[in-house]
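K.L.:
Got a structure for you, written out below as structure tokens; questions coming shortly.
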Amino acid sequence: MLVDEIGESPILSLIDRIFEIRQRGEPVLGLHIGEPDFDTPKGIQEAAARAMAEGKTHYVSAQGLPDLRSAIAARASSRHRIPATADDVVVLPAKFAIYATLLATVSAGDEVILPDPTYLFEQPIRLAGARPVYVPLGREFSLDPAAIDAAITPRSRLLILVSPGNPTGRVLRRSEVKAAVEIAREHGLTIVSDETYEGLIYEGTHVAPAAVADGSVPVVTIGSFSKSFSMTGWRAGYAIAPPEVRRRLVKVMEHTLTCIPPFIQAACRWALENASAEEAAFREQFRERRDHLLARLDDLPGMSCVRPEGAFYAFPRFELPYSSVEFCARLLEEEHVALVPGVSFGPHGEHHVRISYSSPVAVLEDGMRRLESFLERHGAARGAR
């Protein structure tokens, strides 16, 4: 069975161990979680409550409410020049959108080109019956067009891009996106662009592959309300897709989730139209946290870190003679600090860890003190870069 082919995730093993430690009554400082610590803005909560009070609690279209789809298309068009209308949008959770897009674009035995390290696409790729082909990122986590081109075979169907990156925080440059679009055009690939963190960029500009391609290459753009509006538990996102893929996505929705609850869709529309100030405030707080974390990481022995430009993760490299899984396991047991092993994000994530800076500065500072103590105790050398 395909499900049985999915190996145990180092992240899930880590979370299980965190629960065990906390059940003993011992606190764990969690710098592993990919979730803002802010509450969902009150206006968004109230919009959902109003919608429920108005009776918006029944089935709606599997594609999503037209007014929300129009608002999503307007944001994509005005902010990132993605040529989209309401007809191109399907409302569904972003993580599920990844799997649904795979079901809509690949067949058993097809190959998916996957930058390495990157978000957890391998598991849904395998669930869809396809095979992930990891392509290492270049210097400072840049896209390597030559490596991508060399990895393509007659079985290649999709090229996945993620910007800002998770776990790296890197923002793709226009030249990189243009090169990727050209490769996709030459080899007849569809691009899947995960733009979950497009609202959380601190340096540089988000370049949407759909805008660069301008219809010359099929691009599925995946977005989310989770991070920018602190709505992780709402499970709301969207895909913007060309007609053939969009029809298949709607079919997947019809036969799985049926629809996203209409009161949640009403809250999402309110967020797009009214919560820009909260979105900007979240972004500035993340920027402050990032700057503090980078300054502290720069002082730690045996660690080096490429400056993240977006999202809320740092992905430093460590120089101790441990695997990333062993590093995180030892750190959790000895200092009760939870980080994510870099190998979770692909083979080239080894000897890295992902640190989330979605916690307040005081919590980050506590975590860095404990990490420094751990590194020194295990013999990490200062000045090792």
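K.L.:
Does Gly169 satisfy being closer than 24 Å to Val353 by Cα, small (Gly, Ala, Ser), out of contact with any Leu (no Cβ under 6 Å at 6 or more places or on another chain) and buried (at least 23 other Cβ atoms within 10 Å of the Cβ)? Full working, then the answer.
P.N.:
Details: closer than 24 Å to Val353 by Cα: yes; small (Gly, Ala, Ser): yes; out of contact with any Leu (no Cβ under 6 Å at 6 or more places or on another chain): yes; buried (at least 23 other Cβ atoms within 10 Å of the Cβ): yes.
Spelling it out, Gly169 is indeed closer than 24 Å to Val353 by Cα, small (Gly, Ala, Ser), out of contact with any Leu (no Cβ under 6 Å at 6 or more places or on another chain) and buried (at least 23 other Cβ atoms within 10 Å of the Cβ).
K.L.:
Now for a different question. In segment 254-303, which residues are small (Gly, Ala, Ser) and either touching a residue at least 12 places away in the same chain (Cβ under 8 Å) or outside any helix (DSSP H, G or I) (or both)?
P.N.:
Applying the first criterion (small (Gly, Ala, Ser)) to segment 254-303 yields 266-267, 271, 275-277, 280-281, 295, 302.
Passing the criteria: Ala266, Ala267, Ala271, Ala275, Gly302.
K.L.:
Follow-up. Would you be able to say whether some residue in segment 134-143 is in a helix (DSSP H, G or I), out of contact with any Phe, Trp or Tyr (no Cβ under 6 Å at 6 or more places or on another chain), hydrophobic (A, V, I, L, M, F, W, C) and modelled with pLDDT of 95 or more? Working first, answer last.
P.N.:
Kept after step one, since they are in a helix (DSSP H, G or I), are these residues of segment 134-143: 139-141.
Restricting the remaining residues to those that are out of contact with any Phe, Trp or Tyr (no Cβ under 6 Å at 6 or more places or on another chain) gives 139-141.
Going one step further and asking which of them are hydrophobic (A, V, I, L, M, F, W, C), we end up with 141.
Filter again for modelled with pLDDT of 95 or more, leaving 141.
So far as segment 134-143 goes, yes, one or more of its residues are in a helix (DSSP H, G or I), out of contact with any Phe, Trp or Tyr (no Cβ under 6 Å at 6 or more places or on another chain), hydrophobic (A, V, I, L, M, F, W, C) and modelled with pLDDT of 95 or more.
K.L.:
Could you list, in sequence order, the residues of segment 306-319 that are surrounded by 19 or more Cβ atoms within 10 Å (Cβ to Cβ) and closer than 11 Å to Val353 by Cβ? Show your work before the answer.
P.N.:
Taking segment 306-319 and keeping what is surrounded by 19 or more Cβ atoms within 10 Å (Cβ to Cβ), we get 308-316, 318.
Those that are surrounded by 19 or more Cβ atoms within 10 Å (Cβ to Cβ) and closer than 11 Å to Val353 by Cβ: Tyr313, Ala314, Phe315, Pro316, Phe318.
K.L.:
Out of the residues in segment 335-385 meeting the condition of being surrounded by 18 or more Cβ atoms within 10 Å (Cβ to Cβ) and hydroxyl-bearing (Ser, Thr, Tyr), tell me which one is nearest to Leu294 (Cα to Cα).
P.N.:
Step by step, filter segment 335-385, then rank; the result is Tyr357.
K.L.:
Counting just the residues of segment 165-184 that are part of a loop (DSSP other than H, G, I, E, B) and aliphatic (A, V, I, L, M), which one comes out nearest to the chain's Cα centre (by Cα)?
P.N.:
Among them, the one singled out is Val171.
K.L.:
The conditions are (1) modelled with pLDDT under 95; (2) under 26 Å from the mean Cα position of the chain (by Cα); (3) of a type outside the set (A, V, I, L, M), and His348 fails exactly one of them. Which is it?
P.N.:
So the condition that His348 fails would be (1).
K.L.:
Give me the residue from segment 196-222 that is of a type in the set (Gly, Ala, Ser) and at pLDDT 95 or above and, out of that set, nearest to Pro308 (Cα to Cα). Break it down into steps so the answer makes sense when it comes.
P.N.:
Within segment 196-222, the subset of a type in the set (Gly, Ala, Ser) is 199, 204, 208, 210-211, 213, 215-216.
Still in the list and also at pLDDT 95 or above: 199, 208, 210-211, 213.
On the way: Gly199: 14, Ala208: 18, Ala210: 23, Ala211: 24, Ala213: 26 Å.
It comes out as Gly199.
K.L.:
Would you mind listing the helices (runs of 4 or more DSSP H) fully within segment 1-106 where at least 2 residues are in the same structural domain as Tyr357 (by TED's automatic domain parsing) and either among the charged types (D, E, K, R) or buried (at least 20 other Cβ atoms within 10 Å of the Cβ) (or both)? Give the steps one after another, and end with the answer.
P.N.:
Working: elements: 10-23, 42-53, 66-80, 94-105.
Of the helices (runs of 4 or more DSSP H) lying wholly inside segment 1-106, those with at least 2 residues that are in the same structural domain as Tyr357 (by TED's automatic domain parsing) and either among the charged types (D, E, K, R) or buried (at least 20 other Cβ atoms within 10 Å of the Cβ) (or both) span 10-23.
K.L.:
May I pose another question? When you go through (1) assigned to a loop (DSSP other than H, G, I, E, B); (2) in contact with a strand residue (DSSP E or B) (Cβ under 9 Å, 6 or more places away or on another chain) one by one for Tyr322, which number turns out not to apply?
P.N.:
Of (1) assigned to a loop (DSSP other than H, G, I, E, B); (2) in contact with a strand residue (DSSP E or B) (Cβ under 9 Å, 6 or more places away or on another chain), only one is false for Tyr322: (2).
K.L.:
Picking from Glu254, Glu278, Glu244, Glu288, which residue would you name as being farther than 15 Å from Ala47 by Cβ, surrounded by fewer than 20 Cβ atoms within 10 Å (Cβ to Cβ) and either among the β-branched types (Val, Ile, Thr) or under 23 Å from the mean Cα position of the chain (by Cα) (or both)?
P.N.:
Working: Glu254 fails: either among the β-branched types (Val, Ile, Thr) or under 23 Å from the mean Cα position of the chain (by Cα) (or both); Glu278 fails: farther than 15 Å from Ala47 by Cβ; Glu244 fails: either among the β-branched types (Val, Ile, Thr) or under 23 Å from the mean Cα position of the chain (by Cα) (or both).
Exactly one of Glu254, Glu278, Glu244, Glu288 is farther than 15 Å from Ala47 by Cβ, surrounded by fewer than 20 Cβ atoms within 10 Å (Cβ to Cβ) and either among the β-branched types (Val, Ile, Thr) or under 23 Å from the mean Cα position of the chain (by Cα) (or both), namely Glu288.
K.L.:
Here's a follow-up. Only one of Arg247, Arg290, Arg269 is closer than 30 Å to Val353 by Cα and of a type outside the set (Gly, Ala, Ser). Can you tell me which?
P.N.:
On the way: Arg247 fails: closer than 30 Å to Val353 by Cα; Arg269 fails: closer than 30 Å to Val353 by Cα.
The conditions single out Arg290.
K.L.:
Return yes when Gly129 is in the same structural domain as Asp214 (by TED's automatic domain parsing) and either in contact with a Phe, Trp or Tyr (Cβ under 7 Å, 6 or more places away or on another chain) or under 22 Å from Pro10 (Cβ atoms) (or both) and no when it is not.
P.N.:
no
K.L.:
Let me ask something else. Here are some residues: Gly310, Gly302. Which one is within 21 Å of Glu35 (Cβ to Cβ), of a type in the set (Gly, Ala, Ser), in contact with a Lys or Arg (Cβ under 8 Å, 6 or more places away or on another chain) and outside the structural domain of Gly138 (by TED's automatic domain parsing)?
P.N.:
Gly310
K.L.:
What about Ala380, is it within 25 Å of Val162 (Cα to Cα) and small (Gly, Ala, Ser)? Spell out the reasoning first.
P.N.:
Working: within 25 Å of Val162 (Cα to Cα): no; small (Gly, Ala, Ser): yes.
Spelling it out, it is not the case that Ala380 is within 25 Å of Val162 (Cα to Cα) and small (Gly, Ala, Ser).
Yes or no, residue by residue, for (1) β-branched (Val, Ile, Thr); (2) in contact with a helix residue (DSSP H, G or I) (Cβ under 6 Å, 6 or more places away or on another chain); (3) under 21 Å from Pro341 (Cα atoms):
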{"position": "Ile11", "(1), (2), (3)": "yes, yes, yes"}
{"position": "Arg22", "(1), (2), (3)": "no, no, yes"}
{"position": "Glu35", "(1), (2), (3)": "no, yes, yes"}
{"position": "Glu54", "(1), (2), (3)": "no, no, no"}
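K.L.:
Further question: So for segment 331-352 (the condition being among the aliphatic types (A, V, I, L, M), part of a strand (DSSP E or B) and touching a His at 6+ places or on another chain (Cβ under 7 Å)), does at least one residue qualify?
P.N.:
Let us first name the residues in segment 331-352 that are among the aliphatic types (A, V, I, L, M), namely 331-332, 337-340, 343.
Now narrow it down to the ones that are part of a strand (DSSP E or B): 337-338, 340.
After this cut, where a residue has to be touching a His at 6+ places or on another chain (Cβ under 7 Å) as well, the list is 338, 340.
So far as segment 331-352 goes, yes, one or more of its residues are among the aliphatic types (A, V, I, L, M), part of a strand (DSSP E or B) and touching a His at 6+ places or on another chain (Cβ under 7 Å).
K.L.:
Right, something else. Those residues that are touching a Gly at 6+ places or on another chain (Cβ under 8 Å) and without any contact (Cβ under 8 Å) to a residue 60 or more places away in the chain, I need them from segment 116-163; list them, please.
P.N.:
Ala130, Arg131, Asp144, Ala147, Arg155
K.L.:
While we're looking at this one, here's another question. Return yes when Ser323 is surrounded by fewer than 16 Cβ atoms within 10 Å (Cβ to Cβ) and either more than 20 Å from Pro164 (Cα to Cα) or at pLDDT 95 or above (or both) and no when it is not.
P.N.:
Details: surrounded by fewer than 16 Cβ atoms within 10 Å (Cβ to Cβ): yes; either more than 20 Å from Pro164 (Cα to Cα) or at pLDDT 95 or above (or both): yes.
It is true that Ser323 is surrounded by fewer than 16 Cβ atoms within 10 Å (Cβ to Cβ) and either more than 20 Å from Pro164 (Cα to Cα) or at pLDDT 95 or above (or both).
The values are calculated or read from the model by the stated rules, or taken from the named source; none is laboratory data. As the structure is a prediction and not an experimental result, all values here were calculated from the model. A quick note on method: Cβ atoms are made from the backbone with ideal geometry, for glycine too, and the neighbour counts reach across all protein chains shown.
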